[in-house]
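Here the structure comes first, spelled out in structure tokens, and everything after it is commentary.
The values are calculated or read from the model by the stated rules, or taken from the named source; none is laboratory data. All figures in this text were calculated on a predicted structure; none of them were measured in a lab. Counting neighbours? That spans all protein chains shown, and the Cβs are built from the backbone with ideal geometry, glycine included.
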Amino acid sequence: MGRGKSLKARIRGGESASLEFKSVPPGETKLARVIASFANSSGGDLVLGVDDLGRIVGLEDPVAARRVLERALALVDPRPETRLEPYVHELKDVLVLEVQAFEDGSLCHVDEGEEQVLCFRVGKETRRVGRDVEKLVLNLRRRFAGKSARIPEAKRLVAWLWERGEAPESACAHHLNWSKHRLRKLAEALVADGFLVPARLGEGRAYQVIRRF
């Protein structure tokens, strides 16, 4: 994330797996899902006062926006480490919330009353996943105990494949912005432990999640 960078430097390149723009703060539940998805993936920045095209539009009431963020954070359990950084660009107020991923591979939920919702960041989107995926991720945490740096990678790969059902190796690498070597090394470990199964799509290698948890 971009501590110390100018606002324009931080938003250059548009939204991504680790960057989301909101021109105005939505409800606290939607914000909480974005925050949780960053914490459960590889961390990220939530930018309030910038529209989907990356234009700095500013916040009408930055104090009210801070209150919405605090209410959103109160819904996330456990609460991830965050840092709020205000910017003023041409008299326009912008807030950037930096969300850190859990270093130990912990997962956080969003408290939505009767439901505890689990979210991941998949590409540019925040995705809610079901209990079956949660069980799978808990097994991933056991598999990579003592190797916490691998847990966010495993979670991202499994969550994305779960959404697609099956995907070629090249598409996995491209979507997650990984090299094929990096992807294959992790995928082979997951295949060996029974989390993924290799498949063939045309002439290339592919993977799919074993849905038995």
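Of all residues in segment 164-184, those that are in a helix (DSSP H, G or I) have Cβ atoms under 7 Å from Cβ atoms of residues that are loosely packed, with under 13 Cβ neighbours inside 10 Å, 6 or more apart or on another chain, in E169/G204; S170/G204; A173/S179.
The numbered conditions (1) under 19 Å from the mean Cα position of the chain (by Cα); (2) outside any helix (DSSP H, G or I); (3) modelled with pLDDT under 95 are all true for E134 except (2). Annotation note: Cβ proximity below 8 Å between a residue of segment 74-92 that is over 13 Å from F102 (Cα atoms) and a residue that is surrounded by fewer than 18 Cβ atoms within 10 Å (Cβ to Cβ) and hydroxyl-bearing (S, T, Y) (sequence gap 6+ or interchain) occurs for L75/T29.
Under the condition of being more than 23 Å from E153 (Cβ to Cβ), of a type outside the set (F, W, Y) and in a strand (DSSP E or B), the residues counted in segment 17-28 number 1. Taken together, G54, G14, G58 contain a single residue that is over 14 Å from the mean Cα position of the chain (by Cα), within 25 Å of E153 (Cβ to Cβ), in a loop (DSSP other than H, G, I, E, B) and among the small types (G, A, S), which is G14.
Looking at the structure I just gave you, is G105 farther than 19 Å from T29 by Cα and at pLDDT below 95? It is true that G105 is farther than 19 Å from T29 by Cα and at pLDDT below 95.
Residue by residue through segment 42-88, note down the ones that are small (G, A, S) and farther than 18 Å from K30 by Cβ.
From segment 42-88, those small (G, A, S) are 42-44, 49, 54, 58, 64-65, 72, 74; that's our starting set.
Correct list: S42, G43, G54, G58.
If the condition is being under 15 Å from A36 (Cβ atoms) and touching a strand residue (DSSP E or B) at 6+ places or on another chain (Cβ under 6 Å), then segment 82-100 contributes T82, L97, E98, V99.
Residues that are under 10 Å from the mean Cα position of the chain (by Cα) and in a loop (DSSP other than H, G, I, E, B) were ranked within segment 29-51; the one that is nearest to H109 (Cα to Cα) is N40. Under the condition of being surrounded by fewer than 19 Cβ atoms within 10 Å (Cβ to Cβ) and either of a type outside the set (G, A, S) or touching an Asp or Glu at 6+ places or on another chain (Cβ under 6 Å) (or both), the residues counted in segment 47-57 number 5.
L69 meets all of the listed conditions (1) under 17 Å from E125 (Cα atoms); (2) surrounded by 18 or more Cβ atoms within 10 Å (Cβ to Cβ) but one, namely (1).
Among the candidates R79, R67, the residue that is among the basic types (K, R), out of contact with any strand residue (DSSP E or B) (no Cβ under 8 Å at 6 or more places or on another chain), more than 30 Å from A173 (Cα to Cα) and in a loop (DSSP other than H, G, I, E, B) is uniquely R79.
Within this structure, L91 fails the test of being crowded, with 17+ Cβ neighbours inside 10 Å and either over 19 Å from the mean Cα position of the chain (by Cα) or closer than 20 Å to Q116 by Cβ (or both). When each of L107, L73 is tested for being outside any strand (DSSP E or B) and farther than 15 Å from L48 by Cα, the lone residue that passes is L107. L118 meets the conditions (1) outside the structural domain of K30 (by TED's automatic domain parsing); (2) modelled with pLDDT of 95 or more in every case but one. The failed one is (2).
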